[in-house]
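What follows is one structure encoded as structure tokens, with my remarks underneath.
The values are calculated or read from the model by the stated rules, or taken from the named source; none is laboratory data. What you are looking at is a predicted structure, and each value in this text was computed from that prediction instead of being measured. Heads up, the Cβs are rebuilt from the backbone with ideal geometry, glycines too, and the neighbour counts pull from every protein chain shown.
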Amino acid sequence: MDEIPLGGLYASLFILIILSGFFSSSETGLMSLNRYRLRHLANKGQSGARRAQKLLRKPDRLIGLILLGNNLVNILAASIATVIAIRLYGDNGIWIATLVMTVLVLIFAELAPKTVAALHPEKIAFPASYVLAILLKLFYPVVWLINGIVNLLLKPFGIRTDVVMLERLNREELRTLVQEGGQISRDHQRMLINILDLEQAEIDDVMVPRGEIVGLDLDDSWDEILQQLTQTIFTRLPVYRGSIDHVEGFLHIRTIISKLSHRSLEYDDLVKSVRKPYFIPEGTSLTRQLLEFQQKERRLGLVVDEYGDIQGLVTLDDILEEIVGEYTTEGRDRSRMVRKLADGNFLVDGTAGIRVLNRRMGWDLPYEEAHTLSGLLIEKLELIPEGKTSIRIGNKIMTIVDIRDNMIHKVMVKPYPAET
């Protein structure tokens, strides 16, 4: 190098520092890419995304190539800097070159390139992937040899580098990803999060309790049956004889609406239109039941316990309202279970579902054991109250104001005064 002029050495050093910055920024840019956005862009045919995706399928080869290039140019740059410093300062040039190169490499070949790449990974990684793909083909034998040596060193520790890395998100991670999706509207975020929460909820949380089921009793007089059919707000009704325990099936009003409107409906026509009942075991998750409704082409079913006793009724609309909110006539009717009083407190039906209250009112009542407000109060009190009773649950004070037939019918809910 003694024969090379200083101008040539300076130019070589400048180029090597730029190359070092290229390798540093390429590594940070490629590793900072959002894998899901990368897959999306690759599927849309973006060439840079496809090249980057192909390189990232074998991260050991990619890292090996980048480190090989980075170390090669850094060592060569340090050598050239030492030659320049010795020419200028003699023996003192060694430590001067070390100090100067440390600052130059740290700032211009590491910190600045990596910062830019971390902030704009796609702008750095996609163009760089084209150069790296060519270099990988040129230096593949060297990279393969280095990776082979590394694999031999890691093998005794049970570490494998030939495993394809697949990113999988669990439910909580996906929930966080949705919540932080700044380009997703708040309504869409809420619906997506509700979909993720379906797996944790059971049909017991959203079903209409047994005592609230509205059905058609075939043992009633024909005039009473016709009156109920013409006045009902429901499109589907459970049909039974005497009580819901003797259920015959379900009736879709659409199947009889023509004859009903022409006043030509007969009792036998009604019975023939009843579809066989569909039963659902209690404890079934909402996600599972949503798929069951789809596969069996059903829209409602009766919830039964382990003994086959009917506990309630659940509809497809009940599950969908867990995702999109109340939108049906039945849902709006059930939302009237909560009435705001003039003093700011709320009068709530004891049969109101806890999940419905939490969703509609923004409360945070526990629902791990009980599914209705009445069940929650009985669980906390550990008895059936005989009169007006108050209890604090979380940040709410609940006062039982109406009890009939050992059931809590009305509860007044007011916020607990915040501590100062």
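A few comments on the model shown:
- Failed condition for residue 38, given (1) among the hydrophobic types (A, V, I, L, M, F, W, C); (2) under 34 Å from the mean Cα position of the chain (by Cα); (3) surrounded by fewer than 22 Cβ atoms within 10 Å (Cβ to Cβ): (3)
- From 74, 70, residue being surrounded by 17 or more Cβ atoms within 10 Å (Cβ to Cβ), under 30 Å from residue 6 (Cβ atoms) and within 43 Å of the chain's Cα centre (by Cα): 70
- Within the stretch 177-212, the set of residues being in a loop (DSSP other than H, G, I, E, B) and more than 18 Å from residue 303 (Cα to Cα) comprises 180, 181, 182, 183, 184, 185.
- For beta carbons closer than 7 Å, sequence separation of 6+ or different chains, a first residue in the stretch 405-420 that is at pLDDT below 80 and a second that is charged (D, E, K, R) and not in a loop (DSSP other than H, G, I, E, B), the qualifying pairs are 416/392; 416/396.
- Consider the stretch 362-397 and keep the residues that are in contact with a Gly (Cβ under 9 Å, 6 or more places away or on another chain) and assigned to a loop (DSSP other than H, G, I, E, B). The one that is farthest from residue 322 (Cα to Cα) is 369.
- When 312, 242 are checked against the criterion of being small (Gly, Ala, Ser) and within 29 Å of residue 195 (Cβ to Cβ), a single residue qualifies: 312.
- Residues of the stretch 41-57 that turn out to be within 22 Å of residue 141 (Cα to Cα) and either of a type in the set (Val, Ile, Thr) or surrounded by 17 or more Cβ atoms within 10 Å (Cβ to Cβ) (or both), as a count: 5
- Subset of the stretch 338-396 that is aliphatic (A, V, I, L, M) and free of Cβ contacts under 8 Å to residues at least 12 places away in the same chain - its residue that is farthest from residue 406 (Cα to Cα): 342
- Scan of the stretch 213-229 for residues that are surrounded by 15 or more Cβ atoms within 10 Å (Cβ to Cβ) and assigned to a helix (DSSP H, G or I), ordered by number: 225, 226, 228, 229
- For residue 172: the one exception among (1) within 30 Å of the chain's Cα centre (by Cα); (2) modelled with pLDDT under 80; (3) surrounded by 12 or more Cβ atoms within 10 Å (Cβ to Cβ); (4) not basic (Lys, Arg): (3)
- Hits in the stretch 378-402 (condition: among the small types (Gly, Ala, Ser) and modelled with pLDDT under 85): 387, 394
- Among (1) under 28 Å from the mean Cα position of the chain (by Cα); (2) exposed (fewer than 12 other Cβ atoms within 10 Å of the Cβ), the one test that residue 357 misses: (2)
- The lone criterion from (1) surrounded by 14 or more Cβ atoms within 10 Å (Cβ to Cβ); (2) more than 30 Å from residue 191 (Cβ to Cβ); (3) out of contact with any helix residue (DSSP H, G or I) (no Cβ under 7 Å at 6 or more places or on another chain) left unmet by residue 302 is number (2).
- Close pairs from the stretch 22-50: first under 16 Å from residue 131 (Cβ atoms), partner acidic (Asp, Glu), Cβ under 6 Å, at least 6 apart: 24/110
- Only one entry in 410, 414 is outside any helix (DSSP H, G or I), touching a Gly at 6+ places or on another chain (Cβ under 7 Å) and of a type outside the set (Asp, Glu), namely 410.
- Scan of the stretch 41-67 for residues that are charged (D, E, K, R) and more than 29 Å from the chain's Cα centre (by Cα), ordered by number: 51, 60, 61
- Among residues of the stretch 244-268, those that are in contact (Cβ under 8 Å) with a residue 12 or more places away in the chain and not in a loop (DSSP other than H, G, I, E, B), counted: 13
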